[in-house]
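Student: Dropping the structure in here first, questions after.
Read-outs throughout are calculated quantities, based only on the coordinates presented, and are distinct from any laboratory measurement. Remember, it's a predicted structure, so these values are computed and weren't measured experimentally. So basically every Cβ, Gly included, is an ideal-geometry build from the backbone, and we count neighbours across all protein chains shown.
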Amino acid sequence: MTDSAGGWLRGALDLAILAVLAEGDRHGYALAQRLAEHGVGQIKGGALYPVLGRLEATGAVSADWQPGEGGPGRKVYAITPAGRDRLAAERDQWRAFAAAFDRMLEGD
């Protein structure tokens, strides 16, 4: 994770990963690229893979090895039905949190 993402993303990286995997299955590098495309900065493997491991351990994400094209195989991650349920619940919580934070920052 770079300084541009900083501590803000650490608390929401699970949610960000689930949101990107809801778009489609991806291997780790492609997942990091997509997160960067969304503007959250470059996520390093040392931050990404432990979160993927936790999501897999809780059943929110599944992973399968797929053969590489002219290179080593890759572990491809997919969101599970439980992960979609978690994404929906956490998305609602995030929106409520963000709205409350916005009100606080605006001084309302």
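Student: Distance in nm between label sites at Lys44 and Arg91, each 7 Å beyond Cα in the beta-carbon direction?
Tutor: So the two model labels end up 3.2 nm from each other.
Student: Kindly state, to the nearest 0.05, the FRET efficiency for Trp65 paired with Gln33, given R0 = 22 Å and r defined as their beta-carbon distance. Don't skip to the answer; put the middle values down first.
Tutor: Details: r = 20 Å, r/R0 = 0.90.
Computed FRET efficiency for Trp65 and Gln33 comes out at 0.65.
Student: Right, here's the next one. Taking θ as phi - 60°, what are the ³J(HN,Hα) couplings along region 23-34 by the Karplus curve (6.51, -1.76, 1.60), each to the nearest whole Hz, with x for Gly and Pro?
Tutor: 6, x, 5, 8, 7, x, 5, 5, 5, 4, 4, 5
Student: Then there's this: Region 6-106: D in µm²/s via Stokes-Einstein (Kirkwood Rh, Cα pairs, 25 °C, 0.890 mPa s)?
Tutor: Numbers: Rh = 14.4 Å.
Result for D is 171 µm²/s.
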